[in-house]
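Heads up, the thing below is written out as structure tokens.
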Amino acid sequence: MRILITGAAGFLGSHLSDRLITDGHQVVGLDNFITGSPNNIAHLAASENFIFYKRDVSEYIFIPGKVDAVLHFASPASPNPQSPLAYFNLPIQTMKAGALGTHNTLGVAKSNNARYLLASTSEIYGDPTVHPQTEDYAGNVDPTGPRAVYDEAKRFAESLTLAYHRQHNVDTRIVRIFNTYGPRMDLEDGRALPNLLKQALLKQPLTIYGDGQQTRSFCYVDDLVDGLLRLLYSNEHMPVNIGNPVEMSLLQFAEIINRVTQNPAGLTFVSDARSSRDPQRRRPDITRAQNILGWQPKIDLEEGLRRTIPYFKEKLGLA
């Protein structure tokens, strides 16, 4: 197939491009490099199956030639308020990527009679009161809070995607992505894994906000890409959770990171507003993915960390 990927120079978009090209497809990548990096796709420049356009998805999109599938992954995603690349600091661009970008990419899919896959997020569940989160849970969300520009952009994108499916019969799919990690992720992302892994590799004590009992579940990027492609090739139109259902507290997670990296510096506990602002529990119910796609993650956390560490060491100048 000839597949359009927006956000192709991002963490997930670049891994998707790699996998699709390996599988024999041609990838047309779009990115405006606001948060994506040319380094993530530099190795694809010589591939005859990769074409790249520097474009902003919130503007009109024209792609020469036929497109068989559209995968919309373009959006700032970092929750780190200190990063200039975070959605906190790119609020309008984030909303436009979710609203206008989704509208424009759905238009490409409609005009090409192409399959469409929207990258949504577990953040649409907000700070959940139902645990684990199933796809029919409507969420506990705050439309005006600091995370709203990202969460509400994705919620709107899901609504618009299903509207195009129902009104225009566009062949759509929606994936709700839970915490994913691996090479090419932004070390300044602000999420727990890059924060703690970076500290561990620098032999610093790992910073735990609050009491460390907030929970997360971590999915290695190769497992995620496998689930995404199974969804793309399926006939499922309603949202599907893709993530790792193994839940652990951030305290447990930090102890694993220290063990894998052989970091002797231990932990340090900090009282910080973010511990109450962040979702307190996060774990996907992947029953639908198992039943519909025959998918579940295969790579455990320790193995995933070992695969990720060389990239972090390189970026930190420790390689």
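The values are calculated or read from the model by the stated rules, or taken from the named source; none is laboratory data. What you see is a predicted model, and the numbers here were worked out from it, not measured in a lab. Methodologically, a virtual Cβ is constructed for each residue, glycine included, from the backbone with ideal geometry; neighbour enumeration extends over all protein chains shown.
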Take the residues in the stretch 13-39 that are crowded, with 24+ Cβ neighbours inside 10 Å and closer than 24 Å to Phe312 by Cα, then tell me which one is nearest to the chain's Cα centre (by Cα). Gly13
Those residues of the stretch 35-82 which are more than 20 Å from Ala114 (Cβ to Cβ) and among the basic types (Lys, Arg) amount to Lys54
Only unsatisfied item for Val149, checking (1) out of contact with any Lys or Arg (no Cβ under 6 Å at 6 or more places or on another chain); (2) within 22 Å of Ser217 (Cα to Cα); (3) surrounded by 18 or more Cβ atoms within 10 Å (Cβ to Cβ); (4) not small (Gly, Ala, Ser), is (2)
Heads up, the strands (runs of 3 or more DSSP E) in the stretch 1-61 (entirely inside) with at least 1 residues that are without any contact (Cβ under 8 Å) to a residue 60 or more places away in the chain are 26-31, 50-54
Failed criterion for Asn89 (all others in (1) more than 17 Å from Thr105 (Cα to Cα); (2) in contact (Cβ under 8 Å) with a residue 12 or more places away in the chain; (3) of a type in the set (S, T, N, Q) hold): (2)
If Asp223 satisfies every condition in (1) under 21 Å from Asp186 (Cα atoms); (2) modelled with pLDDT of 95 or more; (3) surrounded by fewer than 19 Cβ atoms within 10 Å (Cβ to Cβ); (4) of a type in the set (D, E, K, R) but one, which is the exception? (3)
Of all residues in the stretch 66-95 being touching a strand residue (DSSP E or B) at 6+ places or on another chain (Cβ under 7 Å) and part of a loop (DSSP other than H, G, I, E, B), the one that is surrounded by the most Cβ atoms within 10 Å (Cβ to Cβ): Ala74
All helices (runs of 4 or more DSSP H) inside the stretch 241-318 with 3 or more residues being acidic (Asp, Glu) and either modelled with pLDDT under 95 or surrounded by fewer than 13 Cβ atoms within 10 Å (Cβ to Cβ) (or both): 301-315
Residues of the stretch 67-91 satisfying the condition of being closer than 19 Å to Leu20 by Cβ and within 15 Å of the chain's Cα centre (by Cα): Leu71, His72, Phe73, Ala74
May I ask you to say which residue of Val141, Val108, Val130 is among the β-branched types (Val, Ile, Thr), modelled with pLDDT under 95 and surrounded by 17 or more Cβ atoms within 10 Å (Cβ to Cβ)? Val141
Residues being in contact with a strand residue (DSSP E or B) (Cβ under 7 Å, 6 or more places away or on another chain), among the β-branched types (Val, Ile, Thr) and assigned to a loop (DSSP other than H, G, I, E, B): count how many of those fall in the stretch 119-131. 1
Only residues that are surrounded by fewer than 22 Cβ atoms within 10 Å (Cβ to Cβ) and touching a Ser or Thr at 6+ places or on another chain (Cβ under 6 Å): list them for the stretch 187-200, please. Glu188, Asp189, Gly190
Test Thr94 against the criterion of being under 23 Å from Asp189 (Cβ atoms), in contact with an Asp or Glu (Cβ under 8 Å, 6 or more places away or on another chain) and of a type in the set (Val, Ile, Thr), and give yes or no. no
